[in-house]
Amino acid sequence: MNSRKVIAIDGYASTGKSTLAKMLSRHYHLTFIDSGALYRGVTFFALEKGFLKDNELHQKAFRDALEGLDLRLEPAGDLYLNGENISQKIRHPRVSDDVSTIAALPFVRKFLLHQQRQMALENGIVMDGRDIGTVVFPNADHKFFFTARPEVRAQRRYEELKAQGQETTLEEVLNNLLHRDQTDSSRDVAPLRKADDAIEIDTSELTTDQLFTHLVEKIDAK
Ligand code: CDP
């Protein structure tokens, strides 16, 4: 495969996008970019600095502060905010609760859109998110859209969080996923939706290896 190829994987929360994007990036020697990590990083920043507090957003101050923000995603997947590794902290339920609110802000999307496009200039990429095939890279070489049953997604995410030692319940996880799906699908700017030319896949009954084989077949056949 040409090393400047772009593969876009969009879909609902916790459908396996990042896991598969990572596997494909290794297979095709492309850079993996988890765009959700960037939205989580900006949300963590808003919470840490108190721009988002008690459900109230200090929009002007937050917007101004974004200009000086140094958010870096390392090739290995670690996320740095002004020099601090925040890869674990962005997975915290506190961030998951507010990320969709922050991701709906047009100035946040504009800020990250620029960063995401810059990342594809040097090397081919596999990027996963919500609007990669529709807005970020509408001309991507390959586009996939993942869905899965909510109970399956909640169980997977619950086990991931438990393994990381996070305190949460299956019900809380399910509610968060459904809330994010709803907010992400209904926002005005770059809502979550399948691109017309994306291949839709329900991942509920597939193992990661089965899904990987299926995606590679589709990509190599094109
Ligand atoms: O939990 P999961 O891995 O499925 O989500 P994520 O990829 O970490 O994304 C977290 C949140 O960031 C989403 O629920 C969206 O609100 C937002 N996001 C977005 O708006 N656009 C993207 N391209 C990626 C993420």
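The values are calculated or read from the model by the stated rules, or taken from the named source; none is laboratory data. These numbers come from a predicted model, not from an experiment. Using ideal geometry, Cβ is built from the backbone for each residue, glycine included, and neighbour counts are taken over all protein chains shown.
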For Arg4, indicate whether it is surrounded by fewer than 21 Cβ atoms within 10 Å (Cβ to Cβ), touching a residue at least 40 places away in the same chain (Cβ under 8 Å) and more than 13 Å from the ligand (Cβ to nearest atom). yes
For residues that are closer than 24 Å to Ala76 by Cβ and within 11 Å of the ligand (Cβ to nearest atom), tally how many sit in region 86-102. 5
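For the structure I just gave you, tell me whether Ala37 is part of a loop (DSSP other than H, G, I, E, B) and within 10 Å of the ligand (Cβ to nearest atom).
No.
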If a residue has to be hydrophobic (A, V, I, L, M, F, W, C), in a helix (DSSP H, G or I) and away from the ligand (no atom under 14 Å from the Cβ) to count, how many in region 7-34 make the cut? 2
Yes/no for Ala103 being touching a Lys or Arg at 6+ places or on another chain (Cβ under 8 Å) and at pLDDT 95 or above: yes
Which residue, of Glu171, Glu151, Glu122, is acidic (Asp, Glu), more than 17 Å from the chain's Cα centre (by Cα), surrounded by fewer than 15 Cβ atoms within 10 Å (Cβ to Cβ) and closer than 27 Å to Ala76 by Cα? Glu122
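Return yes or no: is Thr207 out of contact with any Phe, Trp or Tyr (no Cβ under 6 Å at 6 or more places or on another chain) and surrounded by 16 or more Cβ atoms within 10 Å (Cβ to Cβ)?
The answer is no for Thr207.
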Residue, surrounded by the fewest Cβ atoms within 10 Å (Cβ to Cβ), within region 125-143, restricted to residues that are more than 12 Å from the ligand (Cβ to nearest atom) and within 19 Å of Ala37 (Cα to Cα): Ile125
Of those in region 77-109 that are hydroxyl-bearing (Ser, Thr, Tyr) and assigned to a helix (DSSP H, G or I), the residue nearest to Arg180 (Cα to Cα) is Ser100
